[in-house]
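Take a look at the structure below.
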Amino acid sequence: MEAQEQAEKELKNILGSRQLQDVLVEPVVSRGKPHQEILAAAAEMQADLIVMGTHGLGMLGKFFLGSVAEKVANRTTIPVLTVSPAEQRAEIGPERTQLRRILCPVDFRGEAARALDYALSPAEEYGAELSLLHVVEELPAAPELVMDRRAIPEYARLASLIPTDMSSRCKIASEVRTGNPAREILKLAETLHIDLIVTGVHPISPLRAQFFGSTHYRVLRQAPCPVLTVPLT
């Protein structure tokens, strides 16, 4: 009972914050495994989006246990917005919620366009710059091909995903890089001072996610900004 009373007390404090003054909030305290209770609550209320914070577990804890955010993202069928501990501690204000630069990594597998739709919508609404990124193991070795973007087929594939009328409604740039996908995504996010990463995730087994990880989970753990995860099939 002590844990539940403490949780209810903390929820009450959160509900009293000025950020929620004009928001209709229904507080719920559940008992059980966190990721299962979150998924059950989302299903019951037919939620369109799950928003949650991530926690800075140590590498050993991540390796063996994963995190609640990762388990939710891997099991849900609706988008999940995760916020890092640093973002959670930042003071809320207009400059914190304004989206100026959005990054959308694309791997061309499954419903890649579905994740892009979730990136295009806020880019248009906020007038944000949208950067599309595809990471490959290696580019053509011939110098003349590397210098000419038109000779790299991935650029054409990225361009084919963009609706023809979107170029006039927001600024869109495409980037093709070589290397480790997670590392390149995080590097570009830092370089461009990205405000939001929108990424699609393909379901993988919990065991594989815990022991081997994936590009998505590495980005989720280390991103310098919020990450919107869009489930793909």
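The values are calculated or read from the model by the stated rules, or taken from the named source; none is laboratory data. In this text, all values refer to a predicted model and were calculated from it rather than measured experimentally. Reconstructed Cβ throughout: ideal geometry from the backbone, glycine too, with neighbour counts over all protein chains shown.
Structural remarks
- Qualifying residue in segment 64-83 (condition: in a helix (DSSP H, G or I), more than 27 Å from Ala128 (Cβ to Cβ) and modelled with pLDDT under 75): yes
- Within segment 25-54, restricting attention to residues that are acidic (Asp, Glu) and under 16 Å from Ala73 (Cβ atoms), the residue that is surrounded by the most Cβ atoms within 10 Å (Cβ to Cβ) is Glu37.
- With respect to being assigned to a strand (DSSP E or B), surrounded by fewer than 20 Cβ atoms within 10 Å (Cβ to Cβ) and at pLDDT 80 or above, Val176 fits the description.
- Qualifying residues in segment 179-205 (those that are more than 21 Å from Glu124 (Cβ to Cβ), surrounded by 14 or more Cβ atoms within 10 Å (Cβ to Cβ) and among the β-branched types (Val, Ile, Thr)) - the one farthest from the chain's Cα centre (by Cα): Ile204
- In segment 213-233, the residues that are outside any helix (DSSP H, G or I), surrounded by fewer than 23 Cβ atoms within 10 Å (Cβ to Cβ) and at pLDDT 80 or above: Pro224, Cys225, Pro226, Leu228, Val230, Pro231, Leu232
- Those residues of segment 155-180 which are among the charged types (D, E, K, R) and within 16 Å of Leu103 (Cβ to Cβ), in sequence order: Lys171, Glu175, Arg177
- A search for C-beta distances below 6 Å between a residue of segment 19-38 that is hydrophobic (A, V, I, L, M, F, W, C) and any residue that is at pLDDT 80 or above, counting only pairs 6+ apart in sequence or on different chains, returns Ile38/Val72.
- Number of residues in segment 1-56 that are within 24 Å of Arg218 (Cβ to Cβ) and either of a type in the set (Ser, Thr, Tyr) or over 26 Å from the mean Cα position of the chain (by Cα) (or both) equals 1.
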